[in-house]
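Have a look at the structure below before the remarks.
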Amino acid sequence: MKAYQIATVLFLAIASRVCGDSPKPGYLYVSTPREAPVFFVMAPPDYTAPIDVREHNPKLEGFGVAYRVLPDGSVRALWTIEGWYSFTVFLSSDGKYLVAMGPWNLGDGPKEGDLAVAFYREGALLKRYWTNQLVEDRSRVTRTASHYRWLKGDSFEGCGGGLHLDWDNKFYLTTIDGIAYTFDVTTGEISEKAPNQATLPTTTAVTPAASHPSRQP
């Protein structure tokens with residue numbers, strides 16, 4: 001890939017990643033870990049921009065390519081994914097692992113088959129989770145005319161939810177019912193699960209009078 005082509009992709013990525021309140025068509029964008037010589041190009045099914053990755057996608061489906069920047073400034077393709085598209089992906093600093101968030105899911109609430117998050121190693125699926133596997137309190141789920149929200153905040157396109165991939169290959173997200181998950185990106189397994197104190201209901205401690213036992217209604 002030439003330098004001017006990389007610049008074109010970065011410009012399109014910055015111009016397109018705007019958080020919104022309604023679904024929109026897929027777009028070309030780049031995801032890169034901070035201060036790491038790797039990046040991931042995510043392209044929608046109808047992608048026709050001038051970048052030399054079409055050879056990886058003969059079926060014209062959604063696809064992505066992981067690249068490494070070499071010391072001489074050129075880049076080398078590492079691996080590819082084909083047949084799907086995600087609006088939000090995270091690439092590990094070593095360029096081996098990818099975290100892909102699910103789409104805006106339709107319907108009344110979390111259910112099997114609605115992708116929440118998926119984990120890949122060099123293009124091969126490690127593990128994926130449905131929204132009903134991560135959300136426990138369905139009453140906290142909010143709905144719009146087009147979809148339901150299962151992450152803390154409106155996290156479509158990474159605009160909230162505490163989504164973060166660190167250098168230790170730990171991925172973090174918080175569900176709308178206040179559960180903070182930590183995933184091991186190298187396996188896709190949940191390594192930690194804890195309530196998020198900021199989203200728990202506020203309660204006031206009351207000390208009952210010593211001479212009056214508590215009563216149930």
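The values are calculated or read from the model by the stated rules, or taken from the named source; none is laboratory data. All values reported here derive from a predicted model rather than from experimental measurement. All Cβ positions, even for glycine, are placed from backbone atoms using ideal geometry, and neighbour counts span all protein chains on display.
Here's a check for you: in the stretch 62-76, which residue that is within 19 Å of P44 (Cβ to Cβ) and either hydroxyl-bearing (S, T, Y) or surrounded by fewer than 21 Cβ atoms within 10 Å (Cβ to Cβ) (or both) is modelled with the highest pLDDT?
Keep residues of the stretch 62-76 that are within 19 Å of P44 (Cβ to Cβ), which gives 62-67.
Next cut, either hydroxyl-bearing (S, T, Y) or surrounded by fewer than 21 Cβ atoms within 10 Å (Cβ to Cβ) (or both) only: 62, 67.
Details: G62: 86, Y67: 97.
Per the stated criteria, the residue is Y67.
Consider only pairs whose beta carbons are under 7 Å apart and that are at least six residues apart or on different chains; among these, list those whose first residue lies in the stretch 118-130 and is at positive phi and whose second residue is assigned to a strand (DSSP E or B) and of a type outside the set (V, I, T).
Qualifying pairs under 7 Å: E122/W79; G123/W79.
Among the residues of the stretch 88-125, what is the count of those that are farther than 20 Å from T142 by Cα, touching a helix residue (DSSP H, G or I) at 6+ places or on another chain (Cβ under 9 Å) and aromatic (F, W, Y)?
Matching residues across the stretch 88-125 total 1.
One line per residue, one yes/no per condition, for (1) loosely packed, with under 14 Cβ neighbours inside 10 Å; (2) at pLDDT below 95; (3) under 28 Å from G95 (Cβ atoms):
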| position | (1), (2), (3) |
| --- | --- |
| F119 | no, no, yes |
| L126 | no, no, yes |
| Y129 | no, no, yes |
| S139 | yes, yes, no |
| R149 | no, yes, no |
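If you take just the strands (runs of 3 or more DSSP E) that sit entirely in the stretch 86-196, which of them hold at least 1 residues that are closer than 21 Å to P25 by Cα and hydrophobic (A, V, I, L, M, F, W, C)? Please lay out each step first, then the result.
Details: elements: 89-91, 97-101, 115-121, 124-130, 170-174, 179-184, 189-195.
Here the list reads 89-91, 97-101, 115-121.
Would you confirm, using the coordinates I've provided, whether T182 is in contact with an Asp or Glu (Cβ under 7 Å, 6 or more places away or on another chain), on the phi < 0 side of the Ramachandran plot and modelled with pLDDT of 90 or more? Give the steps one after another, and end with the answer.
On the way: in contact with an Asp or Glu (Cβ under 7 Å, 6 or more places away or on another chain): yes; on the phi < 0 side of the Ramachandran plot: yes; modelled with pLDDT of 90 or more: yes.
Against the criterion (in contact with an Asp or Glu (Cβ under 7 Å, 6 or more places away or on another chain), on the phi < 0 side of the Ramachandran plot and modelled with pLDDT of 90 or more), T182 qualifies.
Tally the residues that are under 14 Å from W150 (Cβ atoms), crowded, with 21+ Cβ neighbours inside 10 Å and touching a Ser or Thr at 6+ places or on another chain (Cβ under 7 Å), restricting the search to the stretch 79-111.
Narrowing the stretch 79-111 to residues under 14 Å from W150 (Cβ atoms): 88, 101-111.
Checking the rest, the ones that are also crowded, with 21+ Cβ neighbours inside 10 Å come to 88, 101, 110.
Applying the additional criterion that residues be touching a Ser or Thr at 6+ places or on another chain (Cβ under 7 Å) yields 101, 110.
So the count comes out to 2.
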